Amino acid sequence: MGLTAKERMAIERNRMGEQPPDLRNRNFEEVPYGYTPEEAVNEAKRCLNCKKRTCVSGCPVEVPIPEFIALIAEEKFVEAARVIKTKNVLPAVCGRVCPQETQCEGQCIRGKKDNTQAVAIGNLERFVADYERENNLIELSEVPKKNGFKVAVIGSGPSGLTVAGDLIKLGYEVTIYEAFHRGGGVLVYGIPEFRLPKRIVESEIKALENLGVTIHYNSVIGRLYKIDELFKGLGFDAVYIGVGAGLPIFLDIPGMNLNGVFSANEYLTRSNLMKSYLFPKYQTPMIIGKKVAVLGGGNVAMDSARTAIRLGAEKTTIVYRRSMEQMPARAAEVHHAKEEKIEFRLLSNPVEIYGNKDGWVTGMKCQNYQLGEPDESGRQRPVPVEDSFFEFDCDQVLVSIGGQANPLITKTTPDIKINKWGYIVTDDWGRTSRQFVYSGGDIVTGAATVISAMGAGRRAAKAIHEDLMKESNETTGDNGK
Amino acid sequence: MFEIVEKSEVFNVHKIVVKAPGIARAVRAGQFVIIMGAEYSERIPVTVSDWDAAAGTIVLYVLEVGISTLELARMKVGDSLFAVTGPLGVPSEIKNYGTVVLGGGCYGIGGIYPIAKACKEAGNKVISIIEARYKDMFYNEKALMEVSDKLLYATSDGSKGTKGKVEDVVYEMLEQGQKIDQAFFMGCTQMLERCSEATRSNSIPTKVALNSIMLDGTGMCGACRVSVGGQIKFACVDGPEFDGHEVDWNELHSRKAAYAEQETGVYQSYSHECMAEKKFKQELERG
Ligand SMILES: Cc1cc2nc3c(=O)[nH]c(=O)nc-3n(C[C@H](O)[C@H](O)[C@H](O)COP(=O)(O)OP(=O)(O)OC[C@H]3O[C@@H](n4cnc5c(N)ncnc54)[C@H](O)[C@@H]3O)c2cc1C
Ligand SMILES: Cc1cc2nc3c(=O)[nH]c(=O)nc-3n(C[C@H](O)[C@H](O)[C@H](O)COP(=O)(O)OP(=O)(O)OC[C@H]3O[C@@H](n4cnc5c(N)ncnc54)[C@H](O)[C@@H]3O)c2cc1C
Ligand code: SF4
Ligand code: FES
């Protein structure tokens, strides 16, 4: 299109409209409204279509970014969505939850001088995916002829859904086993409605079912079936393990089992998956704190704090050992949290949680921290300041300091190699130590991101296809002729 | 899926037989399921008290105590549960201990049956003890009798067996010099605590099936955490059975009451009064 680079440079980044903070902190509706088509086209015109596509190298799955943006500038929204989908099957999700500022947008030329001026790649990705879905323009892939192989996928998080989608399109019979009564993994039980509306995840799952993927809910593998039984009894040819890293960590300090202390997993699962924000219409109860302390500084902590405020907390405070700059949460979430009047008590950590005689939280004793020498990751290590304690008033504590590997499957399948933290060991393509068993996502990497879990799923699907085709050629003896 | 194929009631305890072929094939004594009556229901844990792998059914005994159990109690044959997940938890450790005592109260009367059966098959001498307020409130006795060498009763009003509770029968047995090599208890938390006290002085190895509040049942949330021997354990994946002499009972009692306010809000006032008893009184009044 006829714009010069200079004209493109002159356009300011388009901000998405969003619910004002003092309205949204009382509801669970999504915060940003999304771009209008005009805003999207205007934003797309800011892209310089660089020769050296640094944005693409910043993307873990290498979405052809300048290509899809160019299509938006030409108002070819559906075509743009399809270009993204060649690499990323869940753009409506990723546009909302990827940490763009450290990935594509972090590498964008236009953000080099001023990082708030990078092309809004995430917003554009979200826009085209929503446009395609809301206008019912999603292309139905043709269901290919079945190739006779059966694959079981354990877990319906982003990595499991990616494997299932890739393999069904290659002609496999695919069955997903999901422990919960609903699919989507962290996308439905962890990430709140106001950040990722559940109907988006539902429509992705519906699309997979339309392609012929079978989903068995309420199926905890390791208990209902062991991996061996999936092969022998149920006749699967390959198994993918995408069970996430959902084991909560509690602090080793007095008071951890008081009423009012929750793991973020429990708190968010009650609110999101079980919809206790609609209690008593939905019957899972929730304890509403007045003064809520959230321990941690990641996305999980931000989601917990923002949920607490919406459920009616008078004051919600993030209590974090490190400083603001070191918070691993997405920049947009920290920004939203601040706007919603969530307070930050940085460089501090509890050493004890106080309770009353009935076993309820009444406050915390905290210690001040300071930043010391950098650790292996290059982040300055937080070190406690000796004899520097303070009292913190709260009646609820949400612990969001990370997760661990859930040993349910690996314990019942000892021949799958795990590392010292319990995560499954795989090669670059998701192959585990056991033949025809593959794994990826958080159960391999530890808590990471949606897009990395999807990337791992995609690689594993390739490996499964390659290995089973090789096997089939060897057994039929035609060596691929 | 999860169709109710049979249903009956004995004083507020509802026997629900559910079609769940996968679970019926995999379940072992001591395991439980998490069920949801409807899409909007809470996820609640219930012990699998019997099963028929060939028919693909499992047997649950649900004691009506609050809104979820009330709605389950109202479901009819032919209705389907929204979700049944399991089998969950570590199965009971079954071996030849010698003499095994099993104590059950409320839903535990049904829940100890598969453990008794497995212990019997493993060659143990099995003594089962069940408690209720009044003699007509017992259920599943015949089946339990078949897998027990002895079945003893305790009733609050003395209308059958010992006047008192399970632990009173245990004290009697110990006084009479009865050797007990292993004890299992299942029922409400107060009962589990009292029974553990009864076996403590003689250091009888004691397993109690804890019933802390649960959510996912797969170790993902920590709602069910209990302190056993000074360590945090997740009842859904490390249990539900634990050493009764090591459990921090006070903590468990207070954690179990965490949602009392909300629960009573949706149901009615249910504090420490036993619902079975309440219902029994109502029936008496009605004549
Ligand atoms: C609150 C929260 C907020 C987050 N925010 C972001 C964000 O903004 N951006 C981002 O990129 N990432 C975010 N993440 C991280 C991201 O969600 C995860 O990295 C990602 O979901 C991992 O995907 P997965 O497929 O490996 O596993 P999961 O999403 O964890 O899914 C695993 C699934 O397996 C099921 N399962 C577990 N065990 C079994 C079993 N034995 N049998 C059958 N099924 C089983 C589980 O029920 C679950 O559905 C967030 C995480 C949380 C908890
Ligand atoms: C491993 C295990 C096995 C069990 N087996 C049986 C059984 O075979 N039959 C039976 O009738 N009951 C059983 N229970 C107890 C049963 O789960 C509770 O009675 C039920 O959840 C009450 O729900 P409600 O809404 O009807 O009552 P509410 O009014 O919600 O609660 C009444 C009581 O039940 C407890 N409770 C509430 N919600 C939960 C929950 N999500 N998980 C656990 N306890 C809760 C509360 O502490 C409270 O004391 C078992 C519990 C556990 C943990
Ligand atoms: S780096 Fe930025 S400006 Fe350059 S092509 Fe990528 S999105 Fe466009
Ligand atoms: S019920 Fe969630 S960890 Fe046990």
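The values are calculated or read from the model by the stated rules, or taken from the named source; none is laboratory data. All of these numbers come straight from a predicted model, not from anything done at the bench. Cβ placement follows ideal geometry from the backbone for every residue including glycine, while neighbour counts extend to all protein chains displayed. Heavy atoms of the whole protein, side chains included, go into the accessibility calculation; ligands, DNA and RNA do not. Shrake-Rupley method; radii C 1.70, N 1.55, O 1.52, S 1.80 Å.
Hey, any hits in region A:379-396 for a residue that's exposed (fewer than 15 other Cβ atoms within 10 Å of the Cβ) and touching a helix residue (DSSP H, G or I) at 6+ places or on another chain (Cβ under 8 Å)? The answer is yes, given that some residue of region A:379-396 is exposed (fewer than 15 other Cβ atoms within 10 Å of the Cβ) and touching a helix residue (DSSP H, G or I) at 6+ places or on another chain (Cβ under 8 Å). Taken as a whole, the condition of being open to solvent by 40 Å² or more (accessible area, probe 1.4 Å), modelled with pLDDT under 90 and closer than 28 Å to A:G403 by Cβ applies to A:K87. Of all residue pairs spaced 6 or more apart or on separate chains, those with beta-carbon atoms under 8 Å, a first member in region A:140-166 that is part of a loop (DSSP other than H, G, I, E, B) and open to solvent by 50 Å² or more (accessible area, probe 1.4 Å) and a second member that is of a type in the set (V, I, T) and modelled with pLDDT under 95 are A:V143/A:I168.
When the residues of region B:206-250 are narrowed to those that are of a type in the set (K, R) and free of Cβ contacts under 8 Å to residues at least 40 places away in the same chain, which ends up least open to solvent (accessible area, probe 1.4 Å)? Out of the qualifying residues, it is B:R225.
Among the residues of region A:280-297, those that are part of a loop (DSSP other than H, G, I, E, B) and more than 7 Å from chain B (Cβ to nearest Cβ) comprise A:M286, A:I288, A:G289, A:K290, A:G296, A:G297. Answer yes or no as to whether A:I121 is aliphatic (A, V, I, L, M), outside the structural domain of A:G455 (by TED's automatic domain parsing), surrounded by 24 or more Cβ atoms within 10 Å (Cβ to Cβ) and under 22 Å from the mean Cα position of the chain (by Cα). Criteria met by A:I121. Only strands (runs of 3 or more DSSP E) whose full extent lies in region B:1-97 are considered here, and the ones with at least 2 residues that are open to solvent by 10 Å² or more (accessible area, probe 1.4 Å) are B:4-10, B:13-19, B:44-47, B:50-52, B:57-63.
Pick from region A:408-421 the residues that are free of Cβ contacts under 8 Å to residues at least 24 places away in the same chain and not hydrophobic (A, V, I, L, M, F, W, C): which of them is most open to solvent (accessible area, probe 1.4 Å)? This residue is A:K420.
Given the condition part of a helix (DSSP H, G or I) and within 15 Å of A:R110 (Cα to Cα), answer yes or no: does some residue in region A:71-83 qualify? No. Exactly one residue out of A:A264, A:A313 is open to solvent by less than 50 Å² (accessible area, probe 1.4 Å), within 12 Å of chain B (Cβ to nearest Cβ) and either touching a residue at least 40 places away in the same chain (Cβ under 8 Å) or not polar (S, T, N, Q) (or both): that is A:A264. Sub-6 Å Cβ pairs linking a first residue in region A:177-194 that is under 21 Å from A:T307 (Cα atoms) and within 16 Å of ligand 2 (Cβ to nearest atom) to a second residue that is of a type outside the set (D, E) and open to solvent by less than 20 Å² (accessible area, probe 1.4 Å), at least 6 apart or interchain, are A:Y189/A:T269; A:Y189/A:N272; A:Y189/A:L273, ordered by first then second residue.
When each of A:T102, A:T54, A:T86 is tested for being within 23 Å of the chain's Cα centre (by Cα) and more than 16 Å from ligand 1 (Cβ to nearest atom), the lone residue that passes is A:T86.
Table: residues versus (1) at pLDDT 95 or above; (2) away from ligand 1 (no atom under 11 Å from the Cβ); (3) within 14 Å of another protein chain (Cβ to nearest Cβ); (4) more than 30 Å from B:V90 (Cα to Cα).
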residue	(1), (2), (3), (4)
A:C366	yes, yes, no, yes
A:P374	no, yes, no, yes
A:E391	yes, yes, no, yes
A:D395	yes, yes, yes, yes
A:G403	no, no, yes, no
A:I409	no, no, yes, no
A:T412	no, no, yes, no
A:I416	no, yes, no, no
A:E471	no, yes, no, yes
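Among residues of region A:386-402 that are in contact (Cβ under 8 Å) with a residue 24 or more places away in the chain and of a type in the set (D, E, K, R), those with a beta-carbon under 8 Å from a residue that is in a loop (DSSP other than H, G, I, E, B) and open to solvent by less than 90 Å² (accessible area, probe 1.4 Å) at least six positions away or on a different chain give the pairs A:D395/A:G260; A:D395/A:G289.
The lone criterion from (1) assigned to a strand (DSSP E or B); (2) away from ligand 4 (no atom under 16 Å from the Cβ) left unmet by A:I253 is number (1). Is it fair to say A:F250 is under 24 Å from the mean Cα position of the chain (by Cα) and open to solvent by 10 Å² or more (accessible area, probe 1.4 Å)? Yes: the conditions hold for A:F250.
Determine whether A:K226 is touching a residue at least 12 places away in the same chain (Cβ under 8 Å) and over 25 Å from the mean Cα position of the chain (by Cα). Yes. The conditions of being basic (K, R), surrounded by 20 or more Cβ atoms within 10 Å (Cβ to Cβ) and assigned to a loop (DSSP other than H, G, I, E, B) are met by A:R321.
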